[in-house]
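A short write-up of the structure that comes next.
The values are calculated or read from the model by the stated rules, or taken from the named source; none is laboratory data. The structure displayed is predicted, hence computed values, not measured ones. As a convention, Cβ positions derive from the backbone with ideal geometry for all residues, glycine included, and neighbour counts pool all protein chains shown.
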Ligand SMILES: *Cc1c(COP(=O)(O)O)cnc(C)c1O
Ligand code: SF4
């Protein structure tokens, strides 16, 4: 297998071998004419080194200059170095190889390349909108919900997401939790046996050396009331080669262990990332995915539908779809809440339930996660609740022990919602849904073939 970046070089040498057309209609980077040979070849590296996660970490793109060495000369990188001075820049060579176009219309570019818009201050935005720092009984341990706590085990990530909710800390100083701090965490958890679930987060825990991460996991496991450990990591997306056999062998010792990862766009579902997920799931680690709804990246229902289908194919269960937090530096990614709700409306009925995540807003002021759904409750009376399904059909759901005086169901000619709520009708049915077409096709089929004939 060859690397994507070296592929770009080879395609350039082969010259007239055009890569497949791109979604946005702009020229592919490798098609740029006048791009001096080698400018896209920042990583003409052996397959062995490319697959070495430590090589990937050492060779992360950390400066605007390194990025411009990778980009076609026409790429607009104005402001990259200014923005990176405020919020750190790092992109693994692997993740950079997924950039198809060097502009913010490209999802991988938009999620990883610093933009001047990050420096604009809006009054609603805060460095720590979830007030995590207020809920830390021990520095680095966020205890918000009674039975769960979240541990920031490192401030290092393989790549720094421009939309990160912990922009205030991720990457400003790359460090790992100290042994002394870990002892304080263990002491706190021992005094708080109501905490049954600890989320090891960061930063990205999978950027830690295997032994370092093992120290954290074994410390948590030394507290008998901690039943479940979850790891939050974007490594399967940005540094899949880090999910080594050695890492997985260590993780298996600490079951029940869950991993939640962070895919946002189908372009991130590569053979490499799929293999990383496979190694984890095959080791008995149930995987979930937490996406963030990002303007211009994945705020189209069809894009998320493709992503969620792809995740389920890879045995990764879509868990949350987050409304973008009110973090300073991410205003350009925010969508209105109505966008997420209309996406949820689109997905229900179209995708299997296991592929549909819960849409959540992490409430400002540390209020925690609040799930949001489109309105499926149309009307409520003491005897009936009127519900709406994904097709727009409205049904009256009769409550148990119908109250005295309730009108018995009798089909009204042209029922209203009020008829449904008061038991005068049971449904309002939109004509010609796909479901009804299938029913009527079956009805005509059944006229020719009775069930008895089918079983013979
Ligand atoms: C998200 C989060 C959790 C975990 O919440 P779940 O809904 O159980 O996934 C725990 N603690 C903090 C501080 C969180 O932000
Ligand atoms: S990997 Fe997670 S913690 Fe790190 S920058 Fe991305 S969103 Fe933030």
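On the given criteria, is residue 246 within 18 Å of residue 282 (Cβ to Cβ), away from ligand 1 (no atom under 16 Å from the Cβ), outside any loop (DSSP other than H, G, I, E, B) and over 24 Å from the mean Cα position of the chain (by Cα)? Walk me through it before giving the result.
Working: within 18 Å of residue 282 (Cβ to Cβ): yes; away from ligand 1 (no atom under 16 Å from the Cβ): yes; outside any loop (DSSP other than H, G, I, E, B): yes; over 24 Å from the mean Cα position of the chain (by Cα): yes.
The answer is yes for residue 246.
Could you check segment 220-240 and list, in sequence order, the residues that are crowded, with 19+ Cβ neighbours inside 10 Å and in a helix (DSSP H, G or I)?
Result: 220, 235, 236, 237, 238, 240.
Of everything in segment 165-206, what is within 16 Å of ligand 2 (Cβ to nearest atom), touching a strand residue (DSSP E or B) at 6+ places or on another chain (Cβ under 6 Å) and not in a loop (DSSP other than H, G, I, E, B)? Give them in sequence order.
Step one: list which residues in segment 165-206 are within 16 Å of ligand 2 (Cβ to nearest atom), which gives 165-177, 199-206.
Narrowing the set further to residues that are touching a strand residue (DSSP E or B) at 6+ places or on another chain (Cβ under 6 Å) leaves 165, 167, 176, 199-203, 205.
Of everything in segment 165-206, those that are within 16 Å of ligand 2 (Cβ to nearest atom), touching a strand residue (DSSP E or B) at 6+ places or on another chain (Cβ under 6 Å) and not in a loop (DSSP other than H, G, I, E, B) turn out to be 176, 199, 200, 201, 205.
Restricting to segment 355-382, what's the tally of residues that are within 16 Å of ligand 1 (Cβ to nearest atom) and not in a loop (DSSP other than H, G, I, E, B)?
Of the residues in segment 355-382, 13 are within 16 Å of ligand 1 (Cβ to nearest atom) and not in a loop (DSSP other than H, G, I, E, B).
What are the residue pairs meeting all of these: first residue in segment 58-78, first residue without any contact (Cβ under 8 Å) to a residue 24 or more places away in the chain, second residue surrounded by fewer than 19 Cβ atoms within 10 Å (Cβ to Cβ), Cβ atoms under 8 Å, and 6 or more apart or on different chains?
Close Cβ pairs (under 8 Å, with a partner that is surrounded by fewer than 19 Cβ atoms within 10 Å (Cβ to Cβ)) amount to 65/81; 68/77.
Rundown of residues vs (1) surrounded by fewer than 18 Cβ atoms within 10 Å (Cβ to Cβ); (2) free of Cβ contacts under 8 Å to residues at least 60 places away in the same chain; (3) away from ligand 1 (no atom under 16 Å from the Cβ); (4) within 19 Å of the chain's Cα centre (by Cα), yes/no style:
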{"site": "101", "(1), (2), (3), (4)": "no, no, yes, no"}
{"site": "119", "(1), (2), (3), (4)": "yes, no, yes, no"}
{"site": "131", "(1), (2), (3), (4)": "yes, no, no, no"}
{"site": "135", "(1), (2), (3), (4)": "yes, no, no, no"}
{"site": "142", "(1), (2), (3), (4)": "no, yes, no, no"}
{"site": "145", "(1), (2), (3), (4)": "yes, no, no, no"}
{"site": "151", "(1), (2), (3), (4)": "no, no, no, no"}
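Would it be correct to say that residue 247 is out of contact with any strand residue (DSSP E or B) (no Cβ under 7 Å at 6 or more places or on another chain) and under 30 Å from residue 107 (Cβ atoms)?
On the way: out of contact with any strand residue (DSSP E or B) (no Cβ under 7 Å at 6 or more places or on another chain): yes; under 30 Å from residue 107 (Cβ atoms): yes.
In short, yes.
Take residue 223 and decide whether it is touching a helix residue (DSSP H, G or I) at 6+ places or on another chain (Cβ under 8 Å), more than 16 Å from ligand 1 (Cβ to nearest atom) and closer than 26 Å to residue 97 by Cβ. Please lay out each step first, then the result.
Working: touching a helix residue (DSSP H, G or I) at 6+ places or on another chain (Cβ under 8 Å): yes; more than 16 Å from ligand 1 (Cβ to nearest atom): yes; closer than 26 Å to residue 97 by Cβ: no.
It is false that residue 223 is touching a helix residue (DSSP H, G or I) at 6+ places or on another chain (Cβ under 8 Å), more than 16 Å from ligand 1 (Cβ to nearest atom) and closer than 26 Å to residue 97 by Cβ.
Within segment 277-296, track down each residue that is in contact with a helix residue (DSSP H, G or I) (Cβ under 6 Å, 6 or more places away or on another chain), part of a loop (DSSP other than H, G, I, E, B) and under 21 Å from residue 369 (Cβ atoms).
Result: 293, 294, 295.
With (1) away from ligand 2 (no atom under 16 Å from the Cβ); (2) in the same structural domain as residue 188 (by TED's automatic domain parsing) as the list, and residue 121 as the residue in question, which single condition is left unmet?
Residue 121 satisfies all of (1) away from ligand 2 (no atom under 16 Å from the Cβ); (2) in the same structural domain as residue 188 (by TED's automatic domain parsing) except (2).
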